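What follows is calculated from the coordinates using simple rules that are stated; it is not laboratory data. This one's a predicted model, so the numbers in the text were calculated from it and none came from an experiment. All Cβ positions, glycine included, derive from the backbone under ideal geometry; neighbour counts span all protein chains shown.
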Ligand SMILES: *[C@@H]1O[C@H](CO)[C@@H](O)[C@H](O)[C@H]1NC(C)=O
Ligand SMILES: *[C@@H]1O[C@H](CO)[C@@H](O)[C@H](O)[C@H]1NC(C)=O
């Protein structure tokens with residue numbers, strides 16, 4: 001958490017005040033969770049009773065796993081499904097809370113496969129997890145956004161529609177693996193200021209390809225892991241979805257990383 005704050009501070013120092021204010025809508029929180037390997041160890045909390053679990057809030061995690069005809073490994077259905085299985089397993093294994101997973105997909109079969117793979121888990125882990133299928137959805141006339149980057153990765157832009165009942169969610173890419181309990185990340189919600197509704201980790205990629213007037217800094221944030229307060233997003237002036245679609249059309253020539261760029265532009269715009 002200290003690292004997160006230091007990075008946030010250094011980002012703010014590096015910004016003009018106008019940009020800094022724009023960025024205040026976004027808590028940039030670095031987390032040690034975006035790592036590439038699984039480090040399996042016994043959870044620290046394995047001995048806690050189930051009574052302790054009940055008093056803690058349930059975590060809500062959203063993942064997108066869509067089918068794909070692509071023959072390339074990076075876009076293939078199989079890669080996404082196998083990675084999602086590991087991501088889900090790591091989250092539950094390390095958490096002491098209940099986790100509700102929302103699996104956004106265009107395929108009920110993919111959802112069934114993911115849930116089926118949990119049947120062999122020890123009861124204690126199965127009892128703490130639940131899974132809901134959320135049918136993939138795009139606004140009429142914008143169905144082509146499905147192919148914007150990875151197969152329907154842009155679904156995270158429409159999470160207000162996909163999760164109409166939810167107030168807050170942790171979005172994760174299917175290639176993210178937790179190395180620490182996900183509740184530590186969820187805890188960052190409590191650090192949000194009144195006007196903040198999202199948190200993400202810095203991405204040290206060169207963002208110079210995005211027009212300067214809608215670029216946050218030379219760095220941007222990675223959209224692979226997002227904390228989103230949906231209640232606040234629903235109150236966003238101008239409407240979240242309209243703004244996002246406007247950016248998609250207006251900046252279509254600059255979207256190298258698809259919806260991640262759309263989100264970066266959204267938070268950098270005045
Ligand atoms: C999200 O925002 C609403 C409205 O400000 C607030 O009541 C709620 O506690 C927030 N949720 C989280 C998880 O911080
Ligand atoms: C996007 O929003 C701007 C400013 O509100 C407006 O001028 C423009 O026409 C909109 N573009 C589209 C494609 O909706």
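Descriptive notes on the structure:
- Taken over the Cα atoms of the range 188-270, the convex hull encloses 98 Å³ per residue.
- Across the range 58-196, the mean sequence separation of Cα contacts (distance under 8 Å, 6 or more residues apart), normalised by length, yields a relative contact order of 36 percent.
- For the range 132-183: rounded, prolate or oblate by the Cα gyration tensor [a/c cutoff 1.5]: oblate
- Ranking of 125, 102 by count of other Cβ atoms within 10 Å, fewest first: 125, 102
- Translational diffusion of the range 69-161, estimated by Stokes-Einstein from the Kirkwood radius over alpha carbon pairs at 4 °C in a medium of 1.567 mPa s, is 89 µm² per second.
- Protection proxy ranking for 103-109, 188-194, using the average of other Cβ atoms within 10 Å per residue and placing the highest first: 103-109, 188-194.
- Peptide packing for 228-234, 198-204, 66-72 was compared via the average number of neighbouring C-beta atoms within 10 Å per residue; ordered from the highest value, the list is 198-204, 228-234, 66-72.
- Ranked list, fewest to most other Cβ atoms within 10 Å of each Cβ, for 94, 157: 94, 157
- Spin-label pair residue 165/residue 120, simplified geometry with 7 Å Cα→Cβ offset, distance in nm: 3.1
- Protection proxy ranking for 209-217, 113-121, 262-270, using the average of other Cβ atoms within 10 Å per residue and placing the highest first: 262-270, 209-217, 113-121.
- Taking a ≥ b ≥ c as the square roots of the eigenvalues of the Cα gyration tensor, an a/c ratio below 1.5 marks the range 127-270 as rounded.
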